[in-house]
Amino acid sequence: MKRGTQKKLADMAGTSEAHISQILSGKGRPSWWLAKRLGHITGTEPLTWLDGTPEEIREALLRKEAD
C-alpha cells in the first residue's frame with residue numbers, strides 16, 4: 001500500500017499512519033474495533049486484519065481494488 005493511501009486509510013479509520021504501517025508490516029495488530037472499521041472502509045473481513053499475515057492483508061486489499 002502506498003504511503004499516501006496509508007495516510008488516507010489512517011485518517012478514515014481514526015488512527016495514525018504509523019499504526020497502519022505497523023499492521024501492514026506485521027509488527028502490530030489492530031483492536032477489534034479498529035479491525036471492524038478497517039474492514040468496513042476497505043470492504044474486507046475484519047478477521048483478515050486481526051489474524052491475517054501482512055501478505056494476506058495485502059492480497060485482500062488487492063482483490064477489493066480489482067473488483
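The residue that is surrounded by the fewest Cβ atoms within 10 Å (Cβ to Cβ), counting only those in region 45-67 that are at pLDDT below 95 and within 17 Å of ALA10 (Cβ to Cβ), is ARG58.
Go through region 30-44 and give me each residue that's open to solvent by 30 Å² or more (accessible area, probe 1.4 Å) and among the small types (Gly, Ala, Ser). Of everything in region 30-44, those that are open to solvent by 30 Å² or more (accessible area, probe 1.4 Å) and among the small types (Gly, Ala, Ser) turn out to be SER31, GLY43. Taking residues in region 44-62 that are without any contact (Cβ under 8 Å) to a residue 24 or more places away in the chain, and partners anywhere that are aliphatic (A, V, I, L, M) and open to solvent by less than 100 Å² (accessible area, probe 1.4 Å), the pairs with Cβ atoms closer than 6 Å and at least 6 places apart or on different chains are THR44/ALA60; PRO46/ALA35; THR48/ILE57; THR48/ALA60; LEU50/ALA35. Please enumerate the residues belonging to region 42-57 that are farther than 15 Å from SER31 by Cα and either touching a Phe, Trp or Tyr at 6+ places or on another chain (Cβ under 7 Å) or assigned to a helix (DSSP H, G or I) (or both). Within region 42-57, THR42, PRO54, GLU55, GLU56, ILE57 qualify. Would a scan of region 21-39 turn up a residue that is in contact (Cβ under 8 Å) with a residue 24 or more places away in the chain and outside any helix (DSSP H, G or I)? Taking every residue of region 21-39 in turn, at least one turns out to be in contact (Cβ under 8 Å) with a residue 24 or more places away in the chain and outside any helix (DSSP H, G or I).
The values are calculated or read from the model by the stated rules, or taken from the named source; none is laboratory data. Just so you know, these numbers come straight off a predicted model, no measurement behind them. Glycine also receives a Cβ, built like all others from the backbone with ideal geometry; neighbour counts cover every protein chain displayed. These area figures cover heavy atoms from the full protein model, side chains too; ligands, DNA and RNA do not enter into them. Shrake-Rupley method; radii C 1.70, N 1.55, O 1.52, S 1.80 Å.
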